[in-house]
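Heads up: the structure comes next, in structure tokens.
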């Protein structure tokens with residue numbers, strides 16, 4: 001059954017009012033864009049792999065706030081840890097030592113590859129990247145940073161300067177100087193760009209906003225070798241790819257490459273807290289010894305957030321979510337390949353690793369049209385910010401075969417609907433058509 005077949009619920013005015021207020025006091029263009037894509041919903045209840053809007057419609061969340069809900073929404077164990085922490089903790093005084101910070105940093109050191117064992121906490125991914133780049137410049141005394149075209153690292157300071165999309169950068173130029181961009185996946189271009197003035201190379205092991213781009217085998221190794229050859233530092237942005245998303249704890253582990261610095265965020269907070277971490281080697285920490293207060297974050301790694309993050313890591317490990325991401329990713333990618341074979345006029349390519357997958361449509365316009373059609377079938381999915389022809393499919397790592405099959409069926413039906421020219425109906429006429437159904441139900 002299509003969601004549009006349902007009667008309009010009694011609390012629909014709540015959604016309308018929230019959208020008006022959001023457009024008035026926050027961002028009117030976001031409301032317009034979401035409405036065009038059929039995603040002008042307002043979140044209500046949320047649980048596991050699912051979210052309900054305030055109208056009571058249920059959606060399989062395949063966007064998950066760009067991979068922020070790896071353990072699902074409001075996982076019972078994470079919620080219980082948060083409630084227990086609230087009985088004893090608050091943010092904590094950022095200037096003082098914290099047992100919660102120490103325990104979480106120790107746990108991250110145990111999970112991180114190679115000799116990554118030192119952590120600085122923040123509240124979000126952009127903050128983590130900012131510190132990673134500051135640390136690389138400070139530790140090397142060099143100015144240049146090599147990043148990738150269509151890479152995404154956040155919207156703040158150093159992070160925005162490293163972003164590989166002109167539309168995000170140009171309104172704020174001049175940005176921080178000495179950032180160089182090379183095509184992602186091109187090992188030769190990367191080697192040519194790295195020299196004795198390079199402080200760091202920063203890249204995502206798999207580009208997320210760039211359209212779920214998996215680099216060729218050996219690319220991460222080439223990046224490591226290029227950095228080692230001139231004494232530059234290698235930074236992996238694992239903010240979307242980490243925490244089990246690709247079927248390993250961190251995507252770089254697929255190639256066995258260890259960076260000097262790694263950033264994580266999003267799913268570290270278990271859908272309940274804002275927390276990020278920049279994880280680096282003891283060698284990199286040497287720069288901080290004479291500068292212990294050179295980078296501070298009032299709420300970064302708050303005691304409450306650390307308690308929640310510790311519970312999140314425990315859930316990922318105890319429930320085998322890394323392994324489940326690998327297995328369900330195989331099922332999803334196989335299904336996507338079959339859809340591509342049956343719909344070559346609509347799908348140009350399917351790609352990904354684990355439950356970080358993407359569908360590249362033949363035309364950019366198919367992205368928002370497919371988002372609309374999927375929303376009508378109870379699936380929340382949206383195209384990539386830096387590559388609108390690619391739809392990201394990143395459900396929570398707790399999904400099982402039934403959810404994967406539901407998603408594949410919804411994709412198949414949506415492709416047929418787009419091909420048939422179906423699209424958004426006029427809002428007022430839709431309301432008129434729904435009213436008799438609602439009256440019948442109420443009667």
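Residues that are buried (at least 22 other Cβ atoms within 10 Å of the Cβ) and in contact with a strand residue (DSSP E or B) (Cβ under 8 Å, 6 or more places away or on another chain) within the range 357-366 comprise 357, 358, 359, 361, listed in sequence order.
Only one entry in 251, 223 is modelled with pLDDT of 95 or more and either assigned by TED's automatic domain parsing to the domain that holds residue 398 or touching a strand residue (DSSP E or B) at 6+ places or on another chain (Cβ under 6 Å) (or both), namely 223.
Answer yes if at least one residue in the range 58-70 is more than 30 Å from residue 248 (Cβ to Cβ) and either loosely packed, with under 14 Cβ neighbours inside 10 Å or modelled with pLDDT of 95 or more (or both), and no otherwise. The answer is yes; a qualifying residue exists. For the range 177-199, the criterion of being assigned to a strand (DSSP E or B) and either under 15 Å from the mean Cα position of the chain (by Cα) or within 27 Å of residue 310 (Cα to Cα) (or both) is met by none of the residues.
Considering only the range 202-210, I want to know if a residue exists there that is in a strand (DSSP E or B), farther than 24 Å from residue 350 by Cα and in contact with a strand residue (DSSP E or B) (Cβ under 6 Å, 6 or more places away or on another chain). Before you say what the answer is, go through the steps one by one.
Within the range 202-210, the subset in a strand (DSSP E or B) is 202-203, 207.
From what is left, the residues that are farther than 24 Å from residue 350 by Cα are 202.
After this cut, where a residue has to be in contact with a strand residue (DSSP E or B) (Cβ under 6 Å, 6 or more places away or on another chain) as well, the list is 202.
Yes: the range 202-210 contains one or more residues that are in a strand (DSSP E or B), farther than 24 Å from residue 350 by Cα and in contact with a strand residue (DSSP E or B) (Cβ under 6 Å, 6 or more places away or on another chain).
The residue that is nearest to residue 142 (Cα to Cα), among those in the range 226-242 that are part of a loop (DSSP other than H, G, I, E, B) and either in contact (Cβ under 8 Å) with a residue 60 or more places away in the chain or in the same structural domain as residue 333 (by TED's automatic domain parsing) (or both), is 232.
When 263, 312, 281 are checked against the criterion of being outside the structural domain of residue 399 (by TED's automatic domain parsing), modelled with pLDDT of 95 or more, farther than 22 Å from residue 90 by Cβ and in contact with a helix residue (DSSP H, G or I) (Cβ under 8 Å, 6 or more places away or on another chain), 263 stands alone in meeting it. Looking across the range 139-164, the residues that are more than 20 Å from residue 301 (Cβ to Cβ), more than 18 Å from the chain's Cα centre (by Cα) and assigned to a helix (DSSP H, G or I) come down to 139, 140, 161. Of all the listed residues (136, 132, 128, 85), the sole one being closer than 15 Å to residue 235 by Cα, crowded, with 20+ Cβ neighbours inside 10 Å, over 22 Å from the mean Cα position of the chain (by Cα) and at pLDDT 95 or above is 136. Selection over the range 284-326 of residues that are without any contact (Cβ under 8 Å) to a residue 60 or more places away in the chain, assigned to a helix (DSSP H, G or I) and farther than 17 Å from residue 270 by Cα gives a count of 0.
Since residue 38 meets every condition but one in (1) under 23 Å from the mean Cα position of the chain (by Cα); (2) on the phi < 0 side of the Ramachandran plot; (3) at pLDDT below 95; (4) surrounded by 15 or more Cβ atoms within 10 Å (Cβ to Cβ), which condition does it not meet? For residue 38, the failing item is (2).
Looking at residue 245, is it assigned to a loop (DSSP other than H, G, I, E, B), more than 18 Å from residue 134 (Cα to Cα) and at pLDDT 95 or above? It is true that residue 245 is assigned to a loop (DSSP other than H, G, I, E, B), more than 18 Å from residue 134 (Cα to Cα) and at pLDDT 95 or above.
Screening residue 395 on (1) in a loop (DSSP other than H, G, I, E, B); (2) modelled with pLDDT under 95; (3) crowded, with 20+ Cβ neighbours inside 10 Å shows it passes everything except condition (2).
The values are calculated or read from the model by the stated rules, or taken from the named source; none is laboratory data. Predicted model, so just to flag it, every value in this text is computed and none were measured. Cβ sites come from the backbone with ideal geometry, for glycine too, and all protein chains shown count toward neighbours.
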